[in-house]
Amino acid sequence: FFHFVYISLLEHFLNTISNRLTGTLPNKFEPLSNIISLRLGSNSFEGELPSFDTLTQLLHLDLSNNKLTGVIPGNFLDSAPKRKPVEIDLSSNSLTGIVPFPLDEFDNLSIYLRDNKFTKLPESLCDSDNKGWNLRDVEFYGCDAIMCPPGTANFLGRQSSETTPCKKCNAKTEFYGQIECPGALGSSSGNHLNPFFIVLSVGWASLFSFFMCL
């Protein structure tokens, strides 16, 4: 029974956060067709961000704190559930370009894009159709709830409350979602770990270790 549960967990949940993994991500993910949660954050994956368009049950994707480059593919999440809450974390990479329009199909998307090099955020992703996004922050703060506009910054790279507005920088920047103003004291280009995912990683590691010992 316990081995069956362990295998089922691997089929639906894959967590390799903070494992010092390197290399590029595959172009296709058909072997993970039943995956619900895929967490690959805080490693050293590089190369262009692939599409996850074949994953029909994907609800959680964490690729934060890696070295991924390029644009978000237009078909990035084509097959993911559009009516369920979906969480995507692409923070602290070197992604560029525009946030793709097709994401507008999601009713309840939490997407974290801070600390990249995005140059355009379509207003159609911040209108009344998207008021459920980012835990309803978009309903109250519009596009700022997804990413702070160029020339502004805060530690989250977006506005999440009245007390965390996107503050104007003295120096100009062309990128959205900046966590520090250019030239600010203590600014750096290194990756920034998300404490929530560090705790989550420890929890899953303990769980898998438990089943391995059975």
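Points to keep in mind about this one:
- Search result, residues across segment 38-59 that are open to solvent by 10 Å² or more (accessible area, probe 1.4 Å), in a strand (DSSP E or B) and not acidic (Asp, Glu): 39, 44, 45, 47
So that you can scan it fast, the table gives a plain yes or no per residue for (1) open to solvent by 30 Å² or more (accessible area, probe 1.4 Å); (2) at pLDDT below 95:
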residue: 3; (1), (2): yes, yes
residue: 11; (1), (2): yes, yes
residue: 25; (1), (2): no, yes
residue: 61; (1), (2): no, no
residue: 64; (1), (2): no, no
residue: 71; (1), (2): yes, no
residue: 81; (1), (2): no, no
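- Unique residue being under 16 Å from the mean Cα position of the chain (by Cα), at pLDDT 95 or above and surrounded by 17 or more Cβ atoms within 10 Å (Cβ to Cβ) when the list is 93, 130: 93
- Take the conditions (1) farther than 22 Å from residue 85 by Cβ; (2) loosely packed, with under 14 Cβ neighbours inside 10 Å; residue 161 misses just one of them, which is (1).
- Residue check for residue 105: free of Cβ contacts under 8 Å to residues at least 24 places away in the same chain, touching a Cys at 6+ places or on another chain (Cβ under 7 Å) and of a type outside the set (Ser, Thr, Tyr): no
- Here 140, 155 are screened, and the one residue that is at pLDDT 50 or above, under 30 Å from residue 19 (Cα atoms) and either exposed (fewer than 14 other Cβ atoms within 10 Å of the Cβ) or more than 19 Å from the chain's Cα centre (by Cα) (or both) is 155.
- For segment 165-179, a tally of residues being at pLDDT 95 or above, open to solvent by 20 Å² or more (accessible area, probe 1.4 Å) and assigned to a loop (DSSP other than H, G, I, E, B) returns 6.
The values are calculated or read from the model by the stated rules, or taken from the named source; none is laboratory data. Quantities reported herein were computed from a predicted structural model and do not represent experimental measurements. We place every Cβ from the backbone using ideal geometry, glycine too, and count neighbours over all the protein chains shown. When the accessible area is computed, the model is the full protein with side chains, heavy atoms only, and any ligands, DNA or RNA have been set aside. Shrake-Rupley method; radii C 1.70, N 1.55, O 1.52, S 1.80 Å.
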